[in-house]
1. Pull up the range B:186-201, narrow it to residues that are within 22 Å of the chain's Cα centre (by Cα) and hydroxyl-bearing (Ser, Thr, Tyr), then point me to the one that is least open to solvent (accessible area, probe 1.4 Å).
2. Would you point out which residue out of B:Cys371, B:Cys312, B:Cys353 is surrounded by 22 or more Cβ atoms within 10 Å (Cβ to Cβ) and more than 16 Å from A:Phe10 (Cβ to Cβ)?
3. Which of the following residues is among the polar types (S, T, N, Q), more than 19 Å from A:Leu32 (Cβ to Cβ) and buried (at least 21 other Cβ atoms within 10 Å of the Cβ): B:Ser320, B:Ser325?
4. Kindly indicate whether any position in the range B:358-376 is assigned to a strand (DSSP E or B) and within 12 Å of another protein chain (Cβ to nearest Cβ).
5. Looking at the range A:1-13, is at least one residue more than 10 Å from chain B (Cβ to nearest Cβ) and closer than 21 Å to B:Val66 by Cβ?
6. What strands (runs of 3 or more DSSP E) lie completely within the range B:8-105 and have 3 or more residues being open to solvent by less than 20 Å² (accessible area, probe 1.4 Å)?
7. Report every pair of residues separated by at least 6 positions or lying on different chains whose Cβ atoms are under 9 Å apart, first residue within the range B:341-354 and at the interface with another protein chain (Cβ under 7 Å from one of its Cβ atoms), second among the small types (Gly, Ala, Ser) and surrounded by fewer than 16 Cβ atoms within 10 Å (Cβ to Cβ).
8. Can you tell me how many residues within the range B:307-338 are at the interface with another protein chain (Cβ under 7 Å from one of its Cβ atoms), more than 17 Å from B:Asn292 (Cβ to Cβ) and hydroxyl-bearing (Ser, Thr, Tyr)?
Amino acid sequence: MIDTVTKNYFIGEFMSYQVTYTDSNIVKSVPLNEDNTDYQVIQQWIADGGTVIDNGA
Amino acid sequence: MAYIGRTPTPAALTASDITDGIISTAKIADNAVTEPKTAWNDVPYRNIIINGDMSQSQRATSTSSVATNGYHACDRFRLAKGDSTAVVTISQATDVPTGEGFFNSFKVDVTTEDASFVAADNILIQQKMEGQMLQHLKKGTANAESLTLSFWVKSTKTGTYIASLYDRDNSRLISKSYTVSVSDTWEEKSVTFAGDTTGALGNDNGASLDVWWWLGAGSNYTSGTLATSWESSTSANHAVGQVNSLDSTSNDFLITGIQLEVGTSASDFEFLPYDVNLQRCFRYFEHIAANNTFIGMGGSYLADYVGLHRYCTPKRGTPSITQVSGTDYFRIYTGTSVSFDSFTIAYASQHGCLLYAQPTMTDNLVGWFTCNNASAKIALEAEL
């Protein structure tokens, strides 16, 4: 289960999401690509009310 | 031939009537021996299933306390779990059928039972397959191919089990039952699914067709009539008759030697070389490094440290980085070595990506990344 989703910036450009999971030491870095199943899960999590952390570039 | 007197009584020709070597190749017409008359299917790569011998297990050889969906051990095999309170350990086991050439199996060990499924409960093992890998099945045409699924299974719980094919592109399903006859004993099973003349599979890298091995199902999946012919998916028809193999912590379910092939009969399992099997798994998951091993070379750019990573094989799609992370689990060795907790991915494609970390570096340093903890892991994941 997703715990947090944070936007990643590289050289000022939004490149990926960093995802942590409840009760887990797994961290995923997820590209912005619709073929990626982790990306699809994030989009569903957002649609279900999850809030993405954006610390800026 | 003409005879004088009585016609001889016809006698059946037997193998002993044919002397070795008397029928030369030249005496057999090129089109005389058709495929149905050959005893076995020798088509290379006939097994549509990847890692059917369970020999690859890049993520882990055992994961305990599994209560959610996911890939936990053997590559390409996923545990799908809805609502059930059962908790299991998933492992790449060495318990295999004797003398069949297998060295590993996929094992589900029940550690917390779910003896009374509620309606929405379900738990199954699945492999999802890309549509572009399946166009030869001609699904959705008048020439749709039949498929035969064969495997070895060993389960504590005897009784009726269900195996299904699920067409994700068209929400269609077919299920077949098989019986585990003897508790905790390896048995070989085979079921054949008719070709489906309705619903073509997408010719792309998305999940088009699943194979499911049900382990347990609530009434939402068992209250109808088993869909033994292809039909528009109706949950109640998915797993009618399926036993609850999760009703005791004494229960184990093991499976190996899985083959899905075109045709109406099962051929011998197609063993691929170990490295070929691993290469096929890399398309979906690629272990990069663990413990204190080398990850890659790179250099600092402004305050970030970046490294190029070319994959061992092109991925199904743009992958995620999956990492076991913690404080200072990774390290950059340069003139001033710095530890950090996790990597980030950028400029990713199916062929390569940039791995970067932001531990605040000095610009223009060259060095290398390593794991910096015995538990650290990093991998690429492009699963379905």
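1. Filtering first and then ranking leaves B:Thr192.
2. Testing whether each residue is surrounded by 22 or more Cβ atoms within 10 Å (Cβ to Cβ) and more than 16 Å from A:Phe10 (Cβ to Cβ) leaves just B:Cys371.
3. Details: B:Ser320 fails: more than 19 Å from A:Leu32 (Cβ to Cβ).
Selected residue: B:Ser325, the only one of B:Ser320, B:Ser325 that is among the polar types (S, T, N, Q), more than 19 Å from A:Leu32 (Cβ to Cβ) and buried (at least 21 other Cβ atoms within 10 Å of the Cβ).
4. Within the range B:358-376, none of the residues are assigned to a strand (DSSP E or B) and within 12 Å of another protein chain (Cβ to nearest Cβ).
5. yes
6. By residue number, B:78-82, B:87-93.
7. Partner pairs satisfying both residue conditions: B:Ser342/B:Gly326.
8. Residues flagged as at the interface with another protein chain (Cβ under 7 Å from one of its Cβ atoms), more than 17 Å from B:Asn292 (Cβ to Cβ) and hydroxyl-bearing (Ser, Thr, Tyr) within the range B:307-338 amount to 3.
The values are calculated or read from the model by the stated rules, or taken from the named source; none is laboratory data. Here the structure is a predicted model, which is why all the values come from computation and not from measurement. Every residue, glycine among them, receives a Cβ derived from its backbone with ideal geometry; neighbour counts consider all protein chains shown. We work out accessible area using only protein heavy atoms, side chains counted, and drop any ligands, DNA or RNA first. Shrake-Rupley method; radii C 1.70, N 1.55, O 1.52, S 1.80 Å.
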